[in-house]
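See below for the structure under consideration.
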Amino acid sequence: PGGGDSPQRNMAASLVAPIAFAAAPRVATRQLRASSGAPARASPRAFVVRAAADERQVEVTSSRRAVAVKAFAALTVAAAVRPAPALALFGFGEDPVAAYTAQTTAVIAQVRLTLDLPGDDAGKAAAIEKTRTLTNAWVARYRRDKVITGKVSYGNVYSALNAVSGHYNNFGTKYPLPVKRKDRVISEFKTAEIALSRGR
């Protein structure tokens, strides 16, 4: 007591002084960086956030790239195995000459089968109806096709089908085709088959 410093106060002052001197360089360094415009050192947390953001960006980019690759692969496979029978069903993607040859051959076979059936055969009426259906489909498909109508086989088959259809339309299904008319129809078919084998 008495105005002089106590030993405890002197000891506290001696401990505070080194701490103040130790903090002074850090304060001076911050002030120097602020005055010189030097960039402040980023905190470790900032680096972690930036790294996480970069990682997410890489994941998004990789994911988009993977989706694009899978989509391209799917399109490639679909193009390689496209359903050709479905296209052919609607008349697309098939060789028109090959289709004409196949359909014409089928019509000829059906008419021959119908003409060879006896008049009292139980399946005669059904055979005639099928012949009409195939004939109408054949004529409707090819009569406006200039490439097909110019073929020799088309003229022969059209003439034969017209004769058969005319007979059944005029005399019904109970009366057989006259022998001379039947012979002419069979002759037309034979000529047409030869032409078809030659692509004509």
Quiz prompt | Ranked packing of 127-136, 176-185, 103-112, most packed first, by mean Cβ within 10 Å | solution = 103-112, 127-136, 176-185
Quiz prompt | Label point distance in nm, ARG112-LYS174, each placed 7 Å from Cα along Cα→Cβ | solution = 3.0 nm
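Per the 1.4 Å probe, what fraction of the accessible area of region 124-194, in percent, lies on carbon and sulfur atoms?
54 percent
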Quiz prompt | Solvent-accessible area per residue, Å², over region 83-200 with all protein chains present [probe radius 1.4 Å] | solution = 61 Å²
Exercise. Any chance you could list P(r) for region 128-186, counting all Cα-Cα pairs in 10 angstrom bins from zero, rounded to whole %?
Key: 21, 51, 25, 3
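The values are calculated or read from the model by the stated rules, or taken from the named source; none is laboratory data. Small disclaimer: the values here were computed from a predicted structure and weren't measured. A quick note on method: Cβ atoms are made from the backbone with ideal geometry, for glycine too, and the neighbour counts reach across all protein chains shown. Only protein heavy atoms, including side chains, enter the accessible area calculation; ligands, DNA and RNA are left aside. Shrake-Rupley method; radii C 1.70, N 1.55, O 1.52, S 1.80 Å.
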